[in-house]
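The values are calculated or read from the model by the stated rules, or taken from the named source; none is laboratory data. Quantities reported herein were computed from a predicted structural model and do not represent experimental measurements. Cβ sites come from the backbone with ideal geometry, for glycine too, and all protein chains shown count toward neighbours.
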Amino acid sequence: MEFEAPPLPYSRRALAPTISEDALKEHYEKHFRGYVEKLNATPQVSQAPDATPLEKFILNGAKASWKELSTGVIPPVPQPTHLFDMAAQVYNHVFFWNSLKNKGGGEPEGEVAKGVEAYGGLEKLRKDVVEAGAAVFGSGWVWICAKDEKLVLLRGLGATLPIIYDGYVPLLTIDVWEHAYYLDYKSDRKRYIEQVFDNLLNWGFANENLENA
């Protein structure tokens, strides 16, 4: 079988000035399409039956031994395998594209708003998301999730994502790999996360994910 790279859910200019057209083009065309091509080149995918879900490759690839890291917002992460990394990065990027929208950010609505209020409010969530994303060592993701009917954060190193953990429902994510922000923000990852949170987060997508959990 073979996966195709789904198109962006908006134009390449839609996220500017927070994420420039050039940065989004580079991210989508070079990095995301590269993950799709490398995933399709793995024997596990190329020899698989048609319509095998992407999630199956992620979970199969995550069956490697677990490495214990410090607690907090970091659960244990799987030792990376090529299959896991490629499959998870394809999933993560599609989720990231949908986590953003033109004129996003602001106050959440619906059930997610209740979760944000129970978390301690939007300012606390923003502070914690920025701190979690800025603290990722090297490359990774910061995820806003639901778990046990509460909002929680997951700081994912490399390609780590919530669906490999029992009970975690991904709602939104911010890519904190350097290629996601360097063209626009150089090494200022913290400012990039702040700008994405304030101007682009798609709370409607978060509500959809919560409703479908």
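Among the residues of the range 1-15, write down those that are touching a residue at least 12 places away in the same chain (Cβ under 8 Å) and of a type outside the set (A, V, I, L, M, F, W, C). Once the filter is applied, which keeps residues that are touching a residue at least 12 places away in the same chain (Cβ under 8 Å) and of a type outside the set (A, V, I, L, M, F, W, C), the range 1-15 yields Glu2, Glu4, Pro6, Pro9, Tyr10, Arg12.
Could you list, in sequence order, the residues of the range 27-50 that are crowded, with 17+ Cβ neighbours inside 10 Å and over 14 Å from Asp85 (Cβ atoms)? Of everything in the range 27-50, just one residue is crowded, with 17+ Cβ neighbours inside 10 Å and over 14 Å from Asp85 (Cβ atoms), namely His27.
What number of residues within the range 158-188 satisfy the criterion of being of a type in the set (A, V, I, L, M) and in a loop (DSSP other than H, G, I, E, B)? Selection size over the range 158-188: 3.
One residue is enough: does the range 127-139 have a residue meeting the conditions closer than 20 Å to His31 by Cβ and among the hydrophobic types (A, V, I, L, M, F, W, C)? Yes. Check whether at least one residue in the range 142-155 is assigned to a loop (DSSP other than H, G, I, E, B) and either modelled with pLDDT of 95 or more or crowded, with 21+ Cβ neighbours inside 10 Å (or both), and report yes or no. Checking the range 142-155: not a single residue is assigned to a loop (DSSP other than H, G, I, E, B) and either modelled with pLDDT of 95 or more or crowded, with 21+ Cβ neighbours inside 10 Å (or both). Gln195 falls short on exactly one of the conditions (1) assigned to a loop (DSSP other than H, G, I, E, B); (2) under 22 Å from Ile19 (Cα atoms), and that condition is (1).
Of the listed requirements (1) touching a residue at least 24 places away in the same chain (Cβ under 8 Å); (2) out of contact with any strand residue (DSSP E or B) (no Cβ under 9 Å at 6 or more places or on another chain), Gly140 misses just one: (2).
The residues on offer are Tyr181, Tyr185, Tyr165, Tyr192, and the sole one that is of a type in the set (Ser, Thr, Tyr) and at pLDDT below 95 is Tyr165.
Can you say whether Gly133 is at pLDDT 95 or above and either of a type in the set (Asp, Glu) or farther than 27 Å from Lys38 by Cα (or both), as far as the supplied structure shows? Judged against the criteria, Gly133 is not a match.
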